[in-house]
Amino acid sequence: MTNNPMDIDSTALSAEEIKARANAEYKNGSYNEAVALYSQAIELSPSTPTYYANRAAALMMLGRYSEASADCRSATDLDPSNIKAFLRNGKCQLNLGSLEESTRQYEQALALDQSNAQARREYANLQTVKNYIVQMETYLNNNQWALAGNSLDRAIAMVDGERVPYKWNVWRAECALGQKKWSEASRIVNYLVRLNTQNPDVLYLRARVFYGQGDNQKAVAHCMEALRCDPDFAKARVLLKKARALEAQKEKGNAAFKTNQLQEAYDAYTAALEIDPENDIINAKLYSNRAAVLQKQKKHQEALEDCNRAIKLDSEFTKVYSRRAACYMELEEYEDAIRDYRHLTEVDASNREYRSLLQKAELEFKKSQRKDYYKILGLTKTATDSEIKKAYRKLALQYHPDKNDGDAKAEAKFKEVGEAYTILSDPQKKMQYDSGADLNGGMGMGGGFEASGADMNDIFMQMFGGGMGGGGARGFSAGGGFPGGGFPGGGFPGGGFSGGGFPGAGGSRRAPGGGFTFHFG
């Protein structure tokens, strides 16, 4: 005899015999075979309620709850006292998410037998599920997404977790969206779309996923499709308007930035940021874009603040770490730049640019531990030769010991200014200093180059050589002074040098020829 139930000659067996074979297949876990046999039995005896109830049991094991529920209804229509059919239908409706209909089925079973243990137990479970769903809806209405998700998960744990009711999956997606768990929300929504590509609620949810992930164009497309399915869908219309507005302002800013209309770009990005404060991903990009504008405007501190805002909204936004590191470099906050570049190399170990930028930041940090000769002269690293000379001239005169008699701090500053000028006025030394080559040459972290051996007096005289009457180490003559004619009367403005001397000549050291020579302790 064949083992395939589909090959049974139903004319040779009675409905009861086929049912017996179906029961055997059910006990063996062969539920599809059992369904086929019960169907044959129903064909032979369509008015027997037990066959429908038994087929419902096999269909339930296959997760085919809608079909099983229909069989249960057929069974109870034929036999209103069939308590098993009511219980099975109650369970089917629970797994379909129809809690009120499930309640009605269990109450009919209890009306038949109030003491039935299975009915009482399953009815109590149903009440628990209903309580969780009520809690979930309350939390959803108050935007308490995590709590809503927790209550929903408890309810799902009491039904068939592999076949969660459609509406419950919609709720799960809403909870994930509310918590900004985009990957989880996307997974759930994609599953729902596969089940029904024309459901406006699901299309709207998918639009929200794209919108939350910063893809406004796809969000717009899905909103339009949802509105095509339901022209009165207000939520989809609101989201469509918002996504379009954001995209328009962002593109306006991008176009202005590309044409170097920086203020217009800044204003466009700022306007975009005001559209939806809740969209973290898009706003992170907008802050990053606005930071790029501020960088070009040399407003590095403001750019840094926008980068921080972007990272706070989206800590996985890699590009903004690079932008923030560049701001730190401009602000000479090298340790912070190192931290960001190191983070980037960890995220993308194969990126050579990140490794190069990290090395540069580490070198700049080492260089920052030396004396900063540019800062000593009050200059930036982009200072020209003429700016370096001008700065030295001003500071050398300001801190000259003969003008600050007895002031040890001024004398030290004068030496430091001379040391800075010695390095920055020498093209080769300046090149080594700027490149950090001196860090590998044993020149020391304290002062870098060995400039302390230079005679600061000589440096001073070289700068003002043409104005030294009598030559050599002589001071300021009445007819000498500085290049371009010097000070009237040969002294400093306001009579600082009367007849070639400093006020109150007690602080000067007279040299032959009436000039002054300078001595340092």
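Numbers below:
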item: Prolate/oblate/rounded label for region 157-230 (Cα gyration tensor, a/c 1.5); result: oblate
item: Two-decimal ratio, region 1-155, of alpha-carbon radius of gyration to 2.2 N^0.38 Å; result: 1.25
item: J(HN,Hα) series, region 286-293, from Karplus relation 6.51 cos²θ - 1.76 cosθ + 1.60, nearest Hz, glycine and proline x; result: 5, 5, 5, 5, 5, 4, 4, 4
item: Sulfur and carbon atoms: percent of accessible area, region 372-438 [1.4 Å]; result: 52 percent
item: Residue-level accessible surface for Thr380, protein heavy atoms, 1.4 Å, Å²; result: 90 Å²
item: For region 50-109, Kirkwood radius (reciprocal of mean inverse C-alpha pair distance, Å); result: 10.7 Å
item: Leading residue at positive end of dipole, region 97-208 (Cβ point charges), from Pro200, Leu99, Tyr139; result: Pro200
item: ³J(HN,Hα) computed for each position of region 101-113 - Karplus, 6.51 cos²θ - 1.76 cosθ + 1.60, integer Hz, glycine/proline x; result: 5, 4, 4, 4, 5, 5, 5, 5, 5, 5, 5, 6, 8
item: Translational diffusion coefficient (Stokes-Einstein; Kirkwood radius from C-alpha pairs) of region 216-364 at 37 °C, 0.692 mPa s, in µm²/s; result: 197 µm²/s
item: FRET efficiency estimate (nearest 0.05) - Cβ-Cβ, Ala20 to Asp77, R0 35 angstrom; result: 0.90
item: Full-extension gain in nm, Ala245 to Thr259, via 0.36 nm per residue minus C-alpha separation; result: 2.9 nm
item: Gained length - Glu100 relative to Lys235, 0.36 nm times residue gap less alpha-carbon distance; result: 45.8 nm
item: Part-to-part distance (alpha-carbon centres) for region 353-410 and region 58-127, which is given in Å; result: 87 Å
item: Cα pair count fraction exceeding 17 Å, expressed as % - region 255-306; result: 30 percent
item: Mean separation of Cα contacts under 8 Å (6+ apart) over length of region 255-410, as relative contact order %; result: 12 percent
item: In order through region 205-210: 3J(HN,Hα) via Karplus (6.51 cos²θ - 1.76 cosθ + 1.60), integer Hz, x for Gly, Pro; result: 4, 5, 4, 5, 4, 4
item: Cleavage-rule hits (GluC sites (Glu not before Pro)) in region 259-319: DSSP loop, at most 14 neighbouring Cβ within 10 angstrom; result: Glu274, Glu278, Glu316
item: Region 362-436 - convex hull of alpha carbons, volume per residue in Å³; result: 76 Å³
item: Dipole in debye (nearest 20) - region 143-290, about Cα centre, beta carbon charges: Lys, Arg +1; Asp, Glu -1; result: 180 debye
item: Amide N of region 185-207 lying under 20 Å from the label point, which is placed 7 angstrom from the Cα of Arg228 along Cα→Cβ; result: 190-207
item: Most to least accessible of Glu419, Glu162, Glu137 (protein chains only, probe 1.4 Å); result: Glu162, Glu137, Glu419
item: Rounded accessible area per residue of region 97-214, 1.4 Å, Å²; result: 50 Å²
item: Exceeding the 32 Å Cα-Cα cut-off - candidates Lys296/Lys409; Lys181/Lys252; Lys180/Lys250; Lys181/Lys299; Lys84/Lys235; result: Lys296/Lys409; Lys181/Lys299; Lys84/Lys235
item: Relative contact order (percent, whole number), region 249-333, Cα cutoff 8 Å, 6+ residue spacing; result: 23 percent
item: Difference of contour (0.36 nm per residue) and Cα-Cα distance, Tyr166 to Glu332; result: 54.1 nm
item: Accessible solvent surface per residue of region 281-337, calculated while the other protein chains remain in place, 1.4 angstrom probe, Å²; result: 44 Å²
item: Qualifying trypsin sites (Lys or Arg not before Pro) in region 271-338, DSSP loop, other Cβ atoms within 10 Å at most 13; result: Lys298
item: Rg in Å to one decimal, and Dmax rounded to a whole Å, for region 80-170 via C-alpha atoms; result: 14.1, 45
item: Relative contact order (%) - region 314-400, alpha-carbon pairs under 8 angstrom, separation at least six; result: 19 percent
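The values are calculated or read from the model by the stated rules, or taken from the named source; none is laboratory data. Keep in mind that this is a model prediction, so the values were computed, not measured. Don't worry about glycine lacking a Cβ; one is built from the backbone with ideal geometry, like all the others, and counts go over all protein chains shown. These area figures cover heavy atoms from the full protein model, side chains too; ligands, DNA and RNA do not enter into them. Shrake-Rupley method; radii C 1.70, N 1.55, O 1.52, S 1.80 Å.
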